[in-house]
Amino acid sequence: MAYVWDFYAVARNADLLLAGLGQTLLLSVCGIAVGVALGGLLAAMRLSGRRPLIWTALAFTEFYRNTPPLVHFFWFFYGLPMAFGLTLPPFAAALAALAHDVVLQVEDLHKRFGATEVLRGIDLAVRRGERIAILGSSGSGKSTLLRCLNVLETPTKGRLILDGTMVGAPTAGGATRYREAELNRLRARVGMVFQHFNLFPHMTALGNVMEGPLSVLGRSKAEAQDTALRHLTRVGLADKADAHPARLSGGQQQRVAIARALAMDPEILLFDEPTSSLDPELVGEVLGVINDLSAEGRTMLLVTHELGFAYHFATRVLFLHEGRILEDGPPEQVLKAPREERTRRFLDRFTAFRF
Ligand SMILES: Nc1ncnc2c1ncn2[C@@H]1O[C@H](COP(=O)(O)OP(=O)(O)OP(=O)(O)O)[C@@H](O)[C@H]1O
Ligand SMILES: [Mg+2]
């Protein structure tokens, strides 16, 4: 298949490139400043004449010189929190966000519906390629969290930073203002698959998948059709391109919804219980498609009650409780050896759950 080069993408995203340039400069300056300070400290330790200090400085230098950066990243993001329960403060996390390939940074996110505070301060750094399973009881705020991430719900408070750029503009009162054009751009980059598919009933499967590229990305009809067919083929539904949703099974409708999300080529895909309204025999085909996406290294957040699937699929599991992230770690730890009593009680309810 011929690849179409789209050089105008550079011009269209000039604001992002400029913002990125600013962030890169900021990071470079911060990185140099931290490096100089640390270097000075290590030099002072080696000149101190005290053996413990000299050895510590030597060990530190040798360790960093001889280990790849990937190991350092794992240490800061997994090692520190796991070994010492230490999560980095916001500034360090923001610096790390740029240095360590964080694609989405969520800071102190709150959402209130009237008197009910549903999200009570969510801090989360999503790294590129991570697959995060979100668990929690009904009403814990899982759907609200996903909906806030692409501003289908407007957060009451807090910040979203996508690829180093803040979403929305802060107002004097501390809230954030979101412009419609920006939200459309955001939703193209953060795609969502819903529990009840939400396909347009009057359009065919092909029409549903073409809609976003046509109306949001401004693609030509031929190009949108080409993309749509490619994605329908990918979810195994090329032969259903002309069928309307009412003629498709739940599993097929959900696969069309996944193709529709993929057609926008999002950086992050959000799934809100994508299989929970399906008959049990249709669950597998949808989970199969989602699983295939992990091979591409796509960043995904998945709210699910399919714990067995979450265990194999996710690189990280969050447990949400009363609007806060109560537990956050690798599937092995959160699902098999949860630290929190609440998580344990939640997992105990899934008696028929096998890994
Ligand atoms: N639009 C809304 N208006 C008022 N309250 C809402 C709204 N959306 C959600 N809520 C409330 O927020 C709380 C969290 O809802 P949410 O849908 O995020 O939970 P959930 O964890 O996804 O639950 P479930 O597992 O049942 O889907 C619930 O108490 C719900 O009633
Ligand atoms: Mg929900």
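Read-outs: derived from the displayed coordinates by stated rules, not from any lab. Bear in mind that the values here come from a model prediction, so they are computed numbers and not experimental data. Please note: Cβ atoms are built from the backbone with ideal geometry, for glycine as well, and neighbour counts cover all protein chains shown.
Annotations for the structure displayed:
- Within region 40-55, residues that are free of Cβ contacts under 8 Å to residues at least 40 places away in the same chain reach partners that are β-branched (Val, Ile, Thr) and part of a helix (DSSP H, G or I) with beta carbons closer than 8 Å, at six or more positions or on different chains, in the pairs Leu42/Thr61; Met45/Ile54; Met45/Thr56; Arg46/Ile54; Ser48/Ile54.
- Within region 129-148, the set of residues being aliphatic (A, V, I, L, M) and farther than 14 Å from Phe194 by Cα comprises Ile132, Ala133, Ile134, Leu135.
- Selection count where residues are more than 10 Å from ligand 2 (Cβ to nearest atom) and in a helix (DSSP H, G or I), scope region 134-163: 2
- Tabulated pairs, region 270-291, first under 19 Å from Ser143 (Cβ atoms), second outside any helix (DSSP H, G or I) and away from ligand 2 (no atom under 16 Å from the Cβ), C-beta under 7 angstrom, 6+ apart or interchain: Leu270/Val190; Leu270/Gly191; Phe271/Met300
- Residue check, Asn184 surrounded by fewer than 21 Cβ atoms within 10 Å (Cβ to Cβ) and either among the basic types (Lys, Arg) or touching a residue at least 24 places away in the same chain (Cβ under 8 Å) (or both): yes
- Residue in region 271-292 that is within 16 Å of ligand 1 (Cβ to nearest atom), of a type in the set (A, V, I, L, M) and farther than 20 Å from Arg127 by Cβ present: yes
- In region 240-355, counting only helices (runs of 4 or more DSSP H) that sit wholly within it, the ones holding 3 or more residues that are within 29 Å of Leu214 (Cβ to Cβ) span 250-262, 280-294.
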